[in-house]
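Participant: What follows is a single structure, and I will ask about it in a moment.
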Amino acid sequence: MPRKQQRYRLLSFSAIKKGVPVWLLAGIGLLVFPEKAFSHEPDSLLTVKNSPFFTGLRSIKGYLPPIQTAANCIALPESKQLQAKGQILIKTPKHLYLYFAGTGWLYQLKQEKDSVLLFRRIDNTENINYNIDAVVFANGENLYNLGGYGFWKSNGTLRKFNFTDHEWDVEPVDTEVHPPVNPFVSWFHAGSSTLVVPYEQALNSGVKQDENPIPITNKTYRLDLQTHNWEVLGEPSSKFKDITAVTHAGRLTTDNGYLVPFNGRVYWVDFINNQILVFDNSSLAQTLLRVDSRYLHYYYQQKLYLLNTQNWRYDSVSINPKDYVATGHPVWNTSTNYLTLSLVTLLPALALLLTWYLLWRRKSPAPKTDQAAKKYLVNFTETELSLINLLLERSRDNRTASISDINYVLGIRDKNTGMQKKVRSDIINSCNEKYSYLSQQDGPLIQSIRSETDKRYFEYLISKERAREAEKFLS
């Protein structure tokens, strides 16, 4: 390093330690070293207004989940790219970092002076937008981010910050798991150094997909950072999917899971004990829903700490875990591997039972059932009847039903795209199976065809021939 540049850096740091304002130091640099002033990298230093919120945050010695907020709520960068990025505070036992979402830009708190916190950039990242909505977390003093969307694809890459080279390095794992597009759904447990991904969403905008769905793999995964191996825990429960599919705002990460406000209640998703608890308190639910992206907030020792970044108001709310009662629903259902083991154990008994049944069936004549009797053996649900009646009505007018019409009748128009597709498919398949049994005919009752206006989408109908037959069973 040239001697003049070295002397300038020494002057800068000594002046900061003595309390000289950053703007005054920058002015002195322009006068004394004009040839160096304009070579200084923009946004290498960021100032943040101090608050008791940061004082309390820094005093905590244990692990805290990263604190995510909207763009420009913590620091005000000069870069237009950084101004559009969400900001994340990462608290480790020893340090406080400021990370810009969807990038690799990482700042470390270097100095506190009066009412200002000074963060200095410590990474050498060149490429950005490859990890949009990645899951960010810390394990001890190590910083990680997993997955994200970029370059028209999602990924399941695990990245770790290298403090020696100041770069984000890839950490190889045994398989690639794509976290959900909403990073708040995944949860990291510092005590066991494991990350739980409740379900997987792999996106690829370069491949055509019917109805533009967001593919969901119904498997719950857990990553062990010590072995770098993924484990399949089971499948996410329907209750978990219900309370996390719609609500994104107000989610509060705790030391054993997170709180989710939903339908006037507050649900506690407990990943440690694999259970979902509930507190019927609409006031607390509203409070959590108001904690939007303008707030910095975290949970610590049964309290929610809040900082409104618009008026800089600092507050706290007590949260008592004893208020929450079990719903009887797990976060995930146990893997079917255990069922397989049970079946293998009971295989001899099942073989004997099957042999007895076959012998009994040979001796007993098969009962005769006619069409009238079958009506009492197979019943359509109210939801199935609503769908069939809609399609029969459209069939009389030589019209079809769109996906939006189907979603409305099934009561799933407010669900996410993946959930809508699954519910539609299950109900339509059930209707077709029951019709096939009742009519003793091949071919589905409810058919799908490509839309004439947009070939990417499907429309649904019941043919005239099938409609006359179906009305006999429904009359």
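The values are calculated or read from the model by the stated rules, or taken from the named source; none is laboratory data. All figures in this text were calculated on a predicted structure; none of them were measured in a lab. FYI the Cβ positions are ideal-geometry reconstructions off the backbone, even for glycines, and counts take in every protein chain you see. The area values use the complete protein model at the heavy-atom level, side chains included, leaving out ligands, DNA and RNA. Shrake-Rupley method; radii C 1.70, N 1.55, O 1.52, S 1.80 Å.
Participant: Pop a pseudo-label 7 angstrom from the Cα along the beta-carbon direction at both Ile272 and Asn389 and give the gap in nm to one decimal.
Facilitator: Here the modelled spin labels are 5.0 nm apart.
Participant: Taking θ = phi - 60°, what integer Hz values does the Karplus form 6.51 cos²θ - 1.76 cosθ + 1.60 yield along region 265-270, in sequence order, with x for Gly and Pro?
Facilitator: 10, 10, 9, 10, 8, 9
Participant: Shifting gears a bit: At a 1.4 Å probe radius, carbon and sulfur cover how many percent of the accessible area of region 207-312?
Facilitator: The value for region 207-312 is 41 percent carbon and sulfur by accessible area.
Participant: Further question on the same structure: Given a Förster distance of 35 Å, report the FRET efficiency between Glu469 and Gln209 from their Cβ-Cβ distance, rounded to the nearest 0.05.
Facilitator: Calculated value: 0.55.
Participant: List, in order, the whole-Hz ³J(HN,Hα) value for each residue of region 307-321 obtained from phi through the Karplus relation with A = 6.51, B = -1.76, C = 1.60 and θ = phi - 60°; use x for Gly and Pro.
Facilitator: After applying 6.51 cos²θ - 1.76 cosθ + 1.60, I find 9, 7, 6, 8, 10, 6, 7, 10, 8, 8, 9, 6, 10, 9, x Hz.
Participant: Further, regarding this structure: Got a sec? What order do Arg313, Arg394 fall in by accessible area at 1.4 Å, biggest, i.e. largest, first?
Facilitator: Descending accessible area places them as Arg313, Arg394.
Participant: Around Thr253, with a cut-off of 14 angstrom between Cβ atoms, what is the net charge of the other residues, counting Lys and Arg +1 and Asp and Glu -1?
Facilitator: +1
Participant: Another one. What number, in percent, do you get for the relative contact order of region 242-337 if the mean sequence gap of Cα pairs under 8 Å and at least 6 apart is divided by its residue count?
Facilitator: 24
Participant: A further question on this structure: Holding the Cα-Cα limit at 20 Å, pick out from Lys241/Lys434; Lys49/Lys113; Lys239/Lys434 the pairs that are longer than that.
Facilitator: Those over the limit are Lys241/Lys434; Lys239/Lys434.
Participant: Step through the residues of region 127-142 one at a time and calculate ³J(HN,Hα) from phi using the Karplus curve (6.51 cos²θ - 1.76 cosθ + 1.60, θ = phi - 60°), rounding each to whole Hz and writing x for Gly and Pro.
Facilitator: 8, 10, 6, 9, 9, 5, 6, 5, 7, 9, 7, 10, 10, x, 9, 8
Participant: Let me ask something else. For labels at Arg265 and Gln302 in the simple 7 Å Cα→Cβ model, what's the distance in nm?
Facilitator: Simple spin-label model gives 2.3 nm for this pair.
Participant: Contour minus end-to-end for Arg294 and Lys153, with contour as 0.36 nm per residue of separation and end-to-end as the Cα-Cα distance?
Facilitator: Result: 47.9 nm gained on full extension.
Participant: Follow-up. For Thr227 and Tyr314 in one chain, what is 0.36 nm times their gap in residues minus the Cα-Cα distance, to one decimal in nm?
Facilitator: Residue separation times 0.36 nm, minus the Cα-Cα distance, leaves 27.3 nm.
Participant: Can you give me the distance in nm between label points at Glu452 and Glu41, each placed 7 Å from the Cα along the Cα-to-Cβ direction?
Facilitator: 6.1
Participant: Calculated FRET efficiency, Ser283 and Ser238, Cβ-Cβ r, R0 25 Å, to nearest 0.05?
Facilitator: Between Ser283 and Ser238 the formula returns 0.35.
Participant: If one computes the Cα centroid of region 154-214 and of region 270-285, what distance in Å separates the two points?
Facilitator: Each part's Cα centre sits 26 Å from the other's.
Participant: Same structure, new question: Tell me the GluC sites (Glu not before Pro) within region 121-207 that lie in a loop according to DSSP and have at most 15 other beta-carbon atoms within 10 Å.
Facilitator: Hits after loop and neighbour filter: Glu126, Glu141, Glu176.
Participant: Under 12 Å Cα to Cα from Lys464, which aspartates and glutamates show up? Leave out anything in the same chain fewer than 8 places away.
Facilitator: Those aspartates and glutamates meeting the cut-off are Glu393, Asp397.
Participant: Going through region 74-109, which trypsin sites (Lys or Arg not before Pro) have at most 16 other Cβ atoms within 10 Å and a DSSP loop state?
Facilitator: Those satisfying the criteria are Lys94.
Participant: Let me ask something additional. Evaluate E = 1/(1 + (r/R0)^6) for Leu76 and Thr327, where r is the Cβ-Cβ distance and R0 equals 56 Å; express this FRET efficiency to the nearest 0.05.
Facilitator: Efficiency, rounded to the nearest 0.05: 0.80.
Participant: For region 415-463, which chymotrypsin sites (Phe, Trp or Tyr not before Pro) are in a loop by DSSP, counting at most 15 other Cβ atoms within 10 Å?
Facilitator: Answer in residue order: Tyr457.
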